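A quick write-up on the structure given underneath.
The values are calculated or read from the model by the stated rules, or taken from the named source; none is laboratory data. Note that the structure is predicted; figures quoted are calculated from it, not measured. For neighbour counting, all protein chains shown are included, and Cβ atoms are generated from backbone atoms with ideal geometry for every residue, glycine included. Surface accessibility is based on the protein's heavy atoms, side chains included, excluding ligands, DNA and RNA. Shrake-Rupley method; radii C 1.70, N 1.55, O 1.52, S 1.80 Å.
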Amino acid sequence: MIISLQKNLSAADRRALGPELARLLPGGNLRRVRSGLAVSVPGRKAADLVPLLENLAGVAGVSLSETELFPLACAGLKKYSTPLDFGKGPVFIAGPCAVEEEGSYLASALALKAAGAHALRAALFKPRSSPYAFQGLGWPGLKIIARAKKLTGLPLVTEATDTRQVGRLSAVCDILQIGARNMRNYELLKETGRSGRAVLLKRAMRATLREWLLSAEYLLKHGAKKLILCERGDSVFSSDSPGLDFGLMREAGKLTGFPVLADPSHASRNRELAKALALKALRSGADGLLIEAAVSPCAAKMDGRQTITVETFREITGK
Ligand code: PEP
Ligand code: MN
């Protein structure tokens, strides 16, 4: 923790601050550094201390190190694990945006497995901007995804949008997805962590690395043992915009050790661009892809325009 002091602090102000710091940081070994005073504080106490320290006269601000901010996320694979095998090259989680109808979903599941998918997108609940847009099949879709799992033997990745869905989804699904819109839904993060299921955590649009990894910290603090991160992008991919933040994606992987996927579908909104972005993501250090792919994307009710065909998926996986 670095405590920055206000500029031009008088000797008297400094003397008054001493006992206050000693009261809040008993036994704290304060060292002078260029930007202020450095003290090491166990992660769990640091968050409580920041507002108290910031209230002291003469203190300009307090900043925490990464291990103080998210100690569990920083422990990464030293303490936790990951649900899919990332040891053999990129991991591909593929499937339509949402499960819409049994026949087409099972056909996509089988074809995607043959084309190199390691796990299936199996969304039953979709957070939509418009309340009139298709919201997903909901619970009637559970038997469809269970069938797809039996048929393909592939693990299922499904999004939980509400705490009340977590228990029932985790009985059938292998990985619970926290979508971009819910990255800051802290009650959902706690409940998902408590389920003990593996989690795929997407970065919310415009979320900082710190916010993203603090959300990962919520999951780990509340019981998650297996985690995958996923970069979903801030902007739309085009010739002059990378769409996904590859620097941030690599930084998240480096800091935590957890695998970081890229989602080229939602940042591209277009299937030709999605393929280009998928390849770019793999070249830029993504550990794999979460990608929308289906046998007949043009018939999809949702996100069909950005959904690639199984043939394109095969070109990406190289299978
Ligand atoms: C998804 O991956 O199914 C999804 C809804 O994407 P996002 O959460 O990134 O909007
Ligand atoms: Mn989608």
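Observations on the structure shown:
- Filtered residues of the stretch 34-43 (kept if within 34 Å of the chain's Cα centre (by Cα) and either at pLDDT 85 or above or surrounded by 11 or more Cβ atoms within 10 Å (Cβ to Cβ) (or both)): SER35, GLY36, LEU37, ALA38, VAL39, SER40, VAL41, GLY43
- Look at (1) over 25 Å from the mean Cα position of the chain (by Cα); (2) surrounded by 21 or more Cβ atoms within 10 Å (Cβ to Cβ) and you find that GLN306 fails only one, number (1).
- Extreme residue, farthest from GLU231 (Cα to Cα), among residues of the stretch 89-106 that are of a type in the set (Gly, Ala, Ser) and in a strand (DSSP E or B): GLY95
- Scanning the stretch 269-319 for residues that are touching a Ser or Thr at 6+ places or on another chain (Cβ under 7 Å), under 25 Å from MET249 (Cα atoms) and away from ligand 1 (no atom under 16 Å from the Cβ) yields one hit, LYS275.
- Within the stretch 107-133, residues that are in a loop (DSSP other than H, G, I, E, B) reach partners that are among the aromatic types (Phe, Trp, Tyr) with beta carbons closer than 6 Å, at six or more positions or on different chains, in the pairs ALA115/PHE313; GLY116/PHE92; ALA117/PHE92; HIS118/PHE92.
- Note on the stretch 286-319: among residues that are closer than 27 Å to ASP85 by Cβ, in contact with a strand residue (DSSP E or B) (Cβ under 8 Å, 6 or more places away or on another chain) and part of a loop (DSSP other than H, G, I, E, B), the one that is nearest to ligand 2 (Cβ to nearest atom) is THR307.
- Number of residues in the stretch 194-213 that are open to solvent by less than 40 Å² (accessible area, probe 1.4 Å) and either assigned to a helix (DSSP H, G or I) or among the hydrophobic types (A, V, I, L, M, F, W, C) (or both): the value is 9.
- LEU273 vs. criteria in a helix (DSSP H, G or I), within 15 Å of ligand 2 (Cβ to nearest atom) and farther than 17 Å from VAL157 by Cβ: yes
- Residue within the stretch 243-261 that is among the aromatic types (Phe, Trp, Tyr) and modelled with pLDDT under 95 present: no
- Filtered residue count, the stretch 134-161, keeping only those that are outside any helix (DSSP H, G or I) and touching a helix residue (DSSP H, G or I) at 6+ places or on another chain (Cβ under 7 Å): 5
- Residue match in the stretch 218-240 (condition: among the basic types (Lys, Arg) and over 22 Å from LEU84 (Cβ atoms)): yes
- Residues in the stretch 167-193 that are assigned to a helix (DSSP H, G or I), under 13 Å from the mean Cα position of the chain (by Cα) and touching a residue at least 40 places away in the same chain (Cβ under 8 Å): ALA180, ARG181, ASN182.
- Per the listing LEU24, LEU52, LEU30, LEU77, the residue uniquely open to solvent by less than 50 Å² (accessible area, probe 1.4 Å) and more than 16 Å from ligand 2 (Cβ to nearest atom) is LEU24.
- The residues listed here are ALA224, ALA216; of these, the one that is in a loop (DSSP other than H, G, I, E, B) and crowded, with 21+ Cβ neighbours inside 10 Å is ALA224.
- Looking across the stretch 98-115 at every residue that is out of contact with any Pro (no Cβ under 9 Å at 6 or more places or on another chain) and open to solvent by less than 10 Å² (accessible area, probe 1.4 Å), the one that is nearest to ligand 2 (Cβ to nearest atom) is identified as ALA98.
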